[in-house]
1. Among the residues of the range A:250-283, write down those that are near DNA strand D (Cβ under 10 Å from one of its atoms), within 11 Å of chain B (Cβ to nearest Cβ) and either in contact with a His (Cβ under 6 Å, 6 or more places away or on another chain) or over 18 Å from residue A:231 (Cβ atoms) (or both).
2. Among the residues of the range B:162-172, is there at least one that is polar (S, T, N, Q), touching an Asp or Glu at 6+ places or on another chain (Cβ under 9 Å) and in contact (Cβ under 8 Å) with a residue 60 or more places away in the chain?
3. So is residue B:205 touching a strand residue (DSSP E or B) at 6+ places or on another chain (Cβ under 9 Å), more than 20 Å from residue B:133 (Cβ to Cβ) and surrounded by fewer than 19 Cβ atoms within 10 Å (Cβ to Cβ) or not?
4. Does residue A:281 satisfy the condition of being open to solvent by less than 60 Å² (accessible area, probe 1.4 Å), at pLDDT 90 or above and either away from DNA strand C (no atom under 16 Å from the Cβ) or at positive phi (or both)?
5. With of a type in the set (Val, Ile, Thr), within 16 Å of DNA strand D (Cβ to nearest atom) and surrounded by 15 or more Cβ atoms within 10 Å (Cβ to Cβ) as the only criterion, which of B:288, B:247 stands out?
6. Looking at the range B:54-82, which of the residues that are closer than 27 Å to residue A:101 by Cα and either within 8 Å of another protein chain (Cβ to nearest Cβ) or touching a Cys at 6+ places or on another chain (Cβ under 6 Å) (or both) is modelled with the lowest pLDDT?
7. What are the residues in the range A:233-269 that are more than 16 Å from DNA strand C (Cβ to nearest atom) and within 16 Å of the chain's Cα centre (by Cα), if any?
8. Hey, among A:222, A:226, A:230, which residue is open to solvent by less than 20 Å² (accessible area, probe 1.4 Å), away from DNA strand C (no atom under 13 Å from the Cβ) and within 14 Å of chain B (Cβ to nearest Cβ)?
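The values are calculated or read from the model by the stated rules, or taken from the named source; none is laboratory data. None of the values given here were measured: they were computed from a predicted structure. Note: ideal-geometry Cβ built from the backbone for every residue, glycine included; neighbour counts use all protein chains shown. Areas reflect the complete protein model, heavy atoms only, side chains present, ligands, DNA and RNA absent. Shrake-Rupley method; radii C 1.70, N 1.55, O 1.52, S 1.80 Å.
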2 protein chains.
Amino acid sequence: MAGALKKDRATSSANAVTADLVAVLVAVTEGEPKIMTIANDGALPSGPFEFAHRSLQTGLRAWVEAQTGHPLGYVEQLYTFADRGRAGGAKSPHSISISYLGLTREDKVGQGFEAHWSGWYEYFPWEDQRAGLPASLAKTLTSRLRAWAKSAETTGLQRQRWQRAAITFGLDDREWNEELVLQRYELLYEAGLIPEAVRDGAAATTVIPGKPMTGDHRRILATGIARLRAKIKYRPVVFELMPAEFTLLQLQRSVEALAGRLVHKQNFRRLIEQQQLVEETGAIAADTVGRPAKLFRFRHGVLAERAIVGTKLPLSRT
Amino acid sequence: MAGALKKDRATSSANAVTADLVAVLVAVTEGEPKIMTIANDGALPSGPFEFAHRSLQTGLRAWVEAQTGHPLGYVEQLYTFADRGRAGGAKSPHSISISYLGLTREDKVGQGFEAHWSGWYEYFPWEDQRAGLPASLAKTLTSRLRAWAKSAETTGLQRQRWQRAAITFGLDDREWNEELVLQRYELLYEAGLIPEAVRDGAAATTVIPGKPMTGDHRRILATGIARLRAKIKYRPVVFELMPAEFTLLQLQRSVEALAGRLVHKQNFRRLIEQQQLVEETGAIAADTVGRPAKLFRFRHGVLAERAIVGTKLPLSRT
DNA sequence: TGGCTTATACTTATCCTGAGCATAATCGAA
DNA sequence: TTCGATTATGCTCAGGATAAGTATAAGCCA
């Protein structure tokens, strides 16, 4: 297996790195998305990938189970990135973080552990657009973004910056796009408007609301939220976050919680029903306000029956 | 940063691993998708992540540029997985592979290197459905899959296997889904129908057509193809593979080459034009058969103007 | 000139989506 | 008992997007 691209592996041990497994573990409780945090809510759970682990996912599952007392259900890989050795100098070994998105239910997690569930909008207040943004936050955000754009060297750059801010944050009559979680975080980081940026050397300014995290953890969380918001649109993953039986309104509230936006009730039901994602249990929800709702359960069959598609190509029949 | 999840890092050096960067480098030439290969077309280009690299992407770009003599354009991360130490025993250090998808043009790559461009359908003959499958291949595939299903212990398992095969391969009047590249590869691997499976210990049988690769490289390639096939539907990435000017038919042929399916010509143009992805150059294609076509170029502006969305939620206005 | 090939314009039926109206079922207070 | 508040659920309707095709234009070559 020679080849110009294949460096001599004799040097490999000198290039050894350590690999960390980081988890964005999500649950939705009473219409609020939660994430598992440790270290006084300032970090995502993470542990080293060890020899004993047969695979990366095995490693992740191993310590999450040890942590929560319950087996991990749905898991998917998010992203891998290398720390820019901010701790030590060139001598310190590189560290690689491999992040995962996991979906569970809060009540499935045992007590007596050091981890907590935190609301994810505590870390990203601007991402919750269900009731619109609080006027104060909207005002600060806009003015800070405008100031950042203005502070560019040339008018060309100023326009570019403002256009980028307007697109990602839905300003100037643009649509809000809930999937741009990571782009928004990275813009705020570049603009020096969040604590992590200041920590990493940006000019100190008054930062924007939203709890910071250690290292790149908030960036990883943003990646996880973005992935989840995109995925609920074309895969039936919300059901991983629902109890066995639920009303359509509860389902809707969960989707809204994740997306950070409100959906049209009647059309939402039509969508769910026409895709035959759920079936009635026959039971009726108790202790509710208003007309009692039917209870539904997820039709696990759909996973086997079809490979859910979303074609956007004008395919030809012949 | 204590926490039940955070193992003691004093042991980290004992858990050191090496990280490989693997590239699925794609080009489309004359309506055929190509990938860059080394080692007599049996491997994807790959190189170790080194201390000198500031980031993973930097590392990847570094050696790809060294290889092709041209800067790498569009790059995105694919997936990270850990080798199950198949080479040595428990003593051998874990190796992690971080794979990337890169898009270029064949003519941008310099000569005099050890790498080649190979047609990607040499590795996945069954993925090219543009002209339908060759009858012989279709027949072998179906009969082998049926045999595999039949060989299960119980009738329940047999039915399950056949259902899975039918869904992924579009049998029994099901639709062919071009995005299931990885699922198809993994099914064939499990069924022991490809050389890599036999190499890894499956019972020796006559394998199905399609060139094998070292290690997990064919699996990585499948991941890259799947990702690209999905992405061309909602992001304007095809244009990374096109020359500066092209006719709509050339664009269509490229899309078809990637998707492995034919598209409806008139509707394809309408789709492209209504999204305003291209603009006329004013010039006309030369030396063609039939009526000469207008030349178009990609409107780079769209990247800045909008964040292309694909909502599937019935959002509410209020 | 007629036949072959590709380009491009237009049509038609159908399905999907956004938006809203209308009615049903329950509870609690007047 | 009735009214109001609240949620559930059924249904309509217009507009836009899509699939599939027909028709015409514009080149080349025998």
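1. Listed by number, the residues that qualify are A:264, A:265, A:266, A:267, A:269, A:270.
2. No, the range B:162-172 contains no residue that is polar (S, T, N, Q), touching an Asp or Glu at 6+ places or on another chain (Cβ under 9 Å) and in contact (Cβ under 8 Å) with a residue 60 or more places away in the chain.
3. So residue B:205 does not fit the description; no.
4. no
5. Working: B:288 fails: surrounded by 15 or more Cβ atoms within 10 Å (Cβ to Cβ).
When all the criteria are applied, what remains is B:247.
6. Residues of the range B:54-82 that are closer than 27 Å to residue A:101 by Cα, as a first pass: B:54-60, B:74-82.
Still in the list and also either within 8 Å of another protein chain (Cβ to nearest Cβ) or touching a Cys at 6+ places or on another chain (Cβ under 6 Å) (or both): B:54-56, B:77, B:79-82.
On the way: B:54: 81, B:55: 85, B:56: 90, B:77: 97, B:79: 97, B:80: 96, B:81: 88, B:82: 86.
Going through the qualifying residues, I end up with B:54.
7. Once the filter is applied, which keeps residues that are more than 16 Å from DNA strand C (Cβ to nearest atom) and within 16 Å of the chain's Cα centre (by Cα), the range A:233-269 yields A:237, A:238, A:240, A:241, A:254, A:257, A:258, A:260.
8. None of the other options fit; the residue is A:226.
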